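To keep things clear, I will list the structure first and then write my remarks on it.
The values are calculated or read from the model by the stated rules, or taken from the named source; none is laboratory data. All values reported here derive from a predicted model rather than from experimental measurement. No Cβ is skipped: glycine too gets one built from the backbone with ideal geometry, and neighbour counts run over all protein chains shown. Remember, those area values only see protein heavy atoms, side chains included, never the ligands or the DNA or RNA. Shrake-Rupley method; radii C 1.70, N 1.55, O 1.52, S 1.80 Å.
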Amino acid sequence: MSQSVVTDRIEPNRGVIHWFRFASPYSFYPMAARLEPWFWILAIAFGIAGLWVGFFVAPTDAQQGEGYRIIFVHVPASWLSMFIYLVMAGWAAVGLALNTRLAGMWAQALAPTGALMAFLSLWTGAFWGKPMWGTWWVWDARLTSELILFFLYLGFIALQAAIDDPRRADKAGAIIALVGAINVPIIYFSVKWWNTLHQGSSVSMTKAPSMAMTMFTGMILMALCFWMYSIAVALRRVRAIILEREAHTDWVQQLPEVKA
Amino acid sequence: MKAILAVVRRDLLLAMRRKTEVLTALFFFVIVTSLFPLGIGPETALLRKIAPGVLWVGALLATMLGLQRMFAADHADGTLEQMVLSPSPLGLLVSGKNIAHWLVSGLPLVVLAPILGIQFDLTAGELGVLMLSLLLGTPVLSLVGSIGAALTLGVRGGGVLLSLLVLPLYVPALIFGAGAVQAYNSGLGAAGHLSLLAALLVMALFFAPWATTAALRIALE
Amino acid sequence: MKAILAVVRRDLLLAMRRKTEVLTALFFFVIVTSLFPLGIGPETALLRKIAPGVLWVGALLATMLGLQRMFAADHADGTLEQMVLSPSPLGLLVSGKNIAHWLVSGLPLVVLAPILGIQFDLTAGELGVLMLSLLLGTPVLSLVGSIGAALTLGVRGGGVLLSLLVLPLYVPALIFGAGAVQAYNSGLGAAGHLSLLAALLVMALFFAPWATTAALRIALE
Amino acid sequence: MIWSSASEFFAMGGYGLYVWGSFGMCAVAMALEPVLVARREKSIVQSLRRRAQANKFDKEDHQ
Amino acid sequence: MLSAHQLTCVRGERTLFTGLDLAVGAGEWLHVRGGNGCGKTSLLRLLAGLASPAAGEIRWCEQPVREDLQAYHQAMLFLGHQGAVKEELTALENLQLAAELDGATLDDDEAIAALHRFGLKGREHLPVRFLSAGQKRRVLLARLVTRKAKLWILDEPFTALDTRAVDMLGGLVGEHLAAGGMAVVTSHQAIPLGNGKAIEL
Amino acid sequence: MLSAHQLTCVRGERTLFTGLDLAVGAGEWLHVRGGNGCGKTSLLRLLAGLASPAAGEIRWCEQPVREDLQAYHQAMLFLGHQGAVKEELTALENLQLAAELDGATLDDDEAIAALHRFGLKGREHLPVRFLSAGQKRRVLLARLVTRKAKLWILDEPFTALDTRAVDMLGGLVGEHLAAGGMAVVTSHQAIPLGNGKAIEL
Ligand code: HEM
Ligand SMILES: Nc1ncnc2c1ncn2[C@@H]1O[C@H](COP(=O)(O)OP(=O)(O)OP(=O)(O)O)[C@@H](O)[C@H]1O
Ligand SMILES: Nc1ncnc2c1ncn2[C@@H]1O[C@H](COP(=O)(O)OP(=O)(O)OP(=O)(O)O)[C@@H](O)[C@H]1O
Ligand SMILES: [Mg+2]
Ligand SMILES: [Mg+2]
């Protein structure tokens, strides 16, 4: 860890371009600023297209009526909540192994968005379950493991928030993220087994309406929208975190928005 | 090896001196499981049904309460620093603390569980399965818990933060443990659940001390 | 009065600084209540039956875990000594701490309970009674708990000893609180239970600060 | 076009509460998160600026 | 004004001292001396009213302290081994909240002036947990300036302080005495202050 | 034998020192001096390997410490601000268990002799929580005698000690140096010992 701080500081002057260049906050900060608007544009474009397909092209479902349209937000949120956790744990592992500070910052920046996606999955699922199953919540395997995933996110965020020293927070967060990543599949299968052993649950999500092509298109478009949104927000948050953590460096103090 | 023994001996000695601590963790288990009949009502059939779940959740909470003290005292008075600086490898010392923790806070739960099970009108067979599931499960709780304990060391709001970190990770042990009794009950046999629990134990034995050691080093940076 | 306000303000400020502490106590409540279905099984009818008991026991445990920190930090760093030495009467300062504790750890439970009740498939009416019972009951938990917190101050193994002291005292609140929902459910109406809970609250308001003050003086001797 | 009127669109075949409840929460959350992040960034920049000024005064003091 | 008569202190089975008499008048200070474990801290806790003596009596303005504890506490400030500062709060907040607990209010300027006096310039808004051992001690000692008390009871006030801070604190006690205050101090180091009595335990 | 090269220490956003060089040879000792909060404790933690420097390197016998931590820890003894003694255990038990953790065994006679040397005669079997501030410190310091280490790193070892104990400890360090040992010490007081270098932070 000692070395990384130094090399990161020296790198800009070295003039040699190699891949790790963008692993230094110094060079990543302006790049993130350049990338961010593109992801916003993509997110909005996919969002408009997805909503159009979802509300005006996709036909009414035979069994569920119009209520099924919740799928266009529910499934993207569910997918991303799981995907972001994997990415976060991946960054954490990189940070722990290679000691690049940016990796820890990415993990920290992704967590709130991942938690938000998990929350949206729970919320939209509940709002779907009420009309379809007649109840806001059942202890189905998927639902339960999504809930636990949400808790894992909260644990990660709370741990990082409780530690003041950013270097320590990164490493401690990395350990809990990795331990969680090992546990997510275990939890998923244990919950699945737990539920199916007792009773055939009265409803099952895999019996979802046979999906029409247009519905599928809409879902994919919305998933892309959520994905781009997550990247855009995370980029913004990474920038904020870089500013906060690198406050003592010269290059931050020389930034125009700081000097002004 | 000598270092492991030294740590186990030391922690047991300390536990003997702080007798109340050990005993009250047990009493906590007893009280929590006894609170449920009070909150839920005295129907025997209902109580028998929820008994494995309640006993396992009780064991889980009782273990969790003790977790925080696993390293906290050693951290506060600087002993942990001395352990890091000691010539023996930290991983061994951590294993020693894990063993001591289980002996002090896991094993008594296993022994006490049948007595509490009687309160819920469980049969001898069910009690046996319950004990076996706790025997395999409580070391998992200690091992996984020690990761959380190390991570929250010296962190503000440590106690409850610890539960937030650790309780979700306890879910598989809880499901298989309580599930074993229920499966036995419903005639399916507990073997499946118990072997899964054993697999969890092996995995925890493998990975947890490593993660705990890493977390401790971070905490002391 | 000014002293009470100063204490409340100070404790709330501290709670804001230690945000995680407050939030994680809530999460503990959430997680514990979510663990029970995992231990007990997913049958809706069974879960609905045990819901009031589980939620009340959860609230009780969440309050209890926070209790220990009520005076501990102030004791460890000597602030409590300074409070005893302050010209304002200690009873007022204690009441201030009680109020702050309830605002931080009781009120959020009341607000959160309905959401968790949904997980157990409770109806709107049941949720209302549950909230009302918690609104009357959680101040009792804070007040009675503060006596235990003061008594176990600086005592080794205080945390678990505290639960040992306090949990039996919590039993009446638990019985009336969980009972209110069940009575409502069975068509008897919750009024009886709720008024008993209110009576408990009045008694606690009267006696608890006095006992806590006495206990604090003893702890500091 | 599937919808014959705006009110039919908003009723969502009787599922209005649930559909709009879901989409609405998503919209609110995804609008709020960027705002919160931007506010955080702004407050960080402000504190950096304040610190830069304090440093400048410190140096002037020393001279 | 502060006097103790025939004090006896027992800790465990050990009698630390018996028949101890002492008196401190306006403008005077008392240096409590003695080796490790001879009972200095125990004596100070008796004088502050935090523990009660096995025998004997403590008087303030000729009145037994027990009779009007509140008035005594109003006039007395005790700073012990322990910090009594909250690690999460900033130095400034710590000082102001301590004042509020005493029923007074302390405006920002006054509090900041006190902190500057103790060499904490530029660290008023840093949470105390980031401060070094000596800096934490200084936050505590700043109460000497903001809380106007007639009697100071200080248990090893010089620990962890660097030499400049030691001189400064010595000067502060001197001013306090000159203004008619009183002080009871333990310390293993010599204290260069006039008008003092020493008591050897 | 112990040397540090171009050390930089960063705490929070504050750079406490940069480009610090130091070397301590056999029979020499180093007095780390400086006002409150200048980074003495932070430096000692770096030297002990409890924290890692933002830049620079620490060497033991010309080898970077990171490369063979275990050998370094075997040769080094660090005593910090904190007690590292268990309040529930007696002084004797504390000393023996500390030795066992280091992989050594300490028989009763040897341990008791060390405690007597530090003036704890008659208190070997008293739980440490009953001891006074200075007595607790002495229990900790007794490890200097029982654990044979070449390098001592001591953070403010003189706090809470009475004058007799201070002299005794000074003598002990002197003996250690005469036998070819090394020491790094912080203290706000002067230390009357030969063969010393001082470093001002
Ligand atoms: C709180 C309640 C709910 C939660 C937490 C939840 C969670 C999830 C998760 C995690 C996924 C992604 C799983 C995967 O793709 O493998 C998912 C997908 C899905 N959910 Fe839900 N869900 C909930 C309620 C519902 C309800 C009530 C319905 C419909 C009646 C529903 C229908 C679906 C469908 C159709 C998919 C896509 C399945 C697929 O692509 O394989 N969900 N949900
Ligand atoms: N329960 C007990 N049994 C026996 N001795 C006890 C007990 N409790 C305290 N003591 C003794 O009482 C004394 C406490 O003294 P105190 O803390 O007042 O010392 P002090 O003069 O402040 O010392 P220091 O200079 O080290 O701070 C110690 O000698 C301690 O050994
Ligand atoms: N997060 C942080 N932000 C700003 N400053 C910090 C932070 N953490 C530590 N510091 C500063 O670092 C210094 C820590 O120094 P250290 O504890 O090494 O001092 P010391 O020389 O041992 O002092 P003392 O003589 O008081 O023991 C203090 O000045 C403290 O204010
Ligand atoms: Mg003392
Ligand atoms: Mg220091």
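Brief remarks follow.
- Three-way shape call for the protein assembly as shown based on the alpha-carbon gyration tensor, with the a/c threshold at 1.5: prolate
- For C:Gly187, label point 7 Å along C-beta direction: distances to other copies, nm: 3.6
- 10 Å Cβ neighbours from other chains, averaged over peptide E:53-62: 0
- Only helices enter this figure: runs of n ≥ 4 DSSP H residues, each worth -39500 (n - 2.57), summed and divided by the residues of chain E, yield -9500 deg cm²/dmol at 222 nm to the nearest 500.
- With the simple model of a label 7 Å out from the Cα in the direction of the Cβ, F:Asp108 to B:Phe207 spans 4.8 nm.
- Across chain F, the mean sequence separation of Cα contacts (distance under 8 Å, 6 or more residues apart), normalised by length, yields a relative contact order of 31 percent.
- Each Lys and Arg contributes +1 and each Asp and Glu -1, all at the Cβ; summed about the Cα centre of the protein assembly as shown, the dipole is approximately 640 debye.
- Judged by the ratio a/c of the largest to the smallest principal axis of the C-alpha gyration tensor, the stretch F:79-122 counts as oblate, that ratio being 1.5 or greater while a/b is no larger than b/c.
- Rounded to 0.05, the FRET efficiency of the A:Ile182 and C:Lys2 pair, given R0 = 60 Å and the Cβ-Cβ distance, is 0.65.
- Solvent-accessible surface (1.4 Å probe) assigned to C:Lys97 amounts to roughly 10 Å².
- Taking a ≥ b ≥ c as the square roots of the eigenvalues of the alpha-carbon gyration tensor, the stretch B:2-220 is classed prolate because a/c is 1.5 or more and a/b outweighs b/c.
- Per residue of chain B, the DSSP helices (runs of n ≥ 4 H) give a summed -39500 (n - 2.57) that works out to -29000 deg cm²/dmol at 222 nm.
- FRET efficiency, F:Thr18 to F:Gln70 (Cβ-Cβ, R0 25 Å, nearest 0.05): 0.25
- For E:Val10, inter-copy label distances in nm, listed shortest first [label point 7 Å out on the Cα-Cβ vector]: 6.0
- Ranking F:Lys136, C:Lys49 by solvent-accessible area of protein heavy atoms (1.4 Å probe, all protein chains present), from largest to smallest, gives C:Lys49, F:Lys136.
- FRET efficiency estimate (nearest 0.05) - Cβ-Cβ, D:Phe9 to B:Ile118, R0 45 angstrom: 0.10
- Largest first, the residues C:Leu165, E:Leu2 sort by 1.4 Å accessible area into C:Leu165, E:Leu2.
- Mean-position separation - Cα centroids, the stretch F:1-72 and the stretch B:42-66, in angstrom: 53
- Reachable aspartates and glutamates, given that their alpha-carbon falls under 17 Å from the alpha-carbon of F:Lys86 and they are not under 8 places away in the same chain: B:Asp11, B:Glu21, B:Asp74, B:Asp77, B:Glu81, F:Glu100, F:Asp102, F:Glu124
- Antiparallel %, DSSP beta bridges [both residues in the protein assembly as shown], to 5: 45
- Label-point spacing at F:Glu200 relative to the other copies reads 3.8 nm, in ascending order, each point sitting 7 Å out from Cα along Cα→Cβ.
- Lys/Arg +1, Asp/Glu -1 at C-beta; chain C dipole; positive extreme among C:Leu151, C:Tyr184, C:Ile50: C:Leu151
- Value of [θ]222 nm, deg cm²/dmol, for chain A, DSSP H segments ≥ 4, -39500 (n - 2.57) each, nearest 500: -26500 deg cm²/dmol
- Within 10 Å of the Cβ of each residue in C:81-91, the mean number of Cβ atoms contributed by other protein chains is 6.
- Degrees between helix B:158-185 axis and first principal axis of chain B (Cα, 0 to 90, nearest 10): 40
- Heavy-atom accessible area with a 1.4 Å probe sorts A:Met215, A:Met132, largest first, into A:Met132, A:Met215.
- Top positive-direction residue, dipole computed over the stretch C:1-121 with Cβ charges, set C:Pro87, C:Val30, C:Met70: C:Pro87
- At least 20 Å along the helix axis (C-alpha) and Kyte average at least 0.0, DSSP helices within chain E: E:163-178
- Lysines with Cα under 28 Å of A:Lys192, excluding same-chain neighbours fewer than 8 positions away: A:Lys130, A:Lys207, B:Lys49, C:Lys49
- Relative to the longest principal axis of the Cα atoms of chain A, the long axis of helix A:101-133 lies at roughly 10 degrees.
- In terms of distances greater than 19 angstrom between alpha carbons, the cross-link table entries D:Lys42/E:Lys121; E:Lys40/E:Lys136; E:Lys40/F:Lys136; A:Lys171/D:Lys42 yield D:Lys42/E:Lys121; E:Lys40/E:Lys136; A:Lys171/D:Lys42.
- Inter-chain neighbour count for F:177-188: the average number of beta-carbon atoms from partner chains within 10 Å of each residue's beta-carbon is 1.
- What you get for the stretch F:44-177, charging only the Cβ of Lys and Arg (+1) and of Asp and Glu (-1), is a dipole of about 360 debye around the Cα centre.
- Here the stretch F:2-200 carries DSSP beta bridges of which approximately 45% are antiparallel, counting only pairs with both residues inside.
- Per residue value of the accessible surface for the protein assembly as shown (all protein chains in place, 1.4 Å probe), Å²: 39
- What separates the Cα centres of the stretch A:76-146 and the stretch E:121-200 is a distance of 54 Å.
- Residue and whole-Å distance for the chain E Cβ lying nearest the axis of the E-onto-F rotation are E:Thr159, 3.
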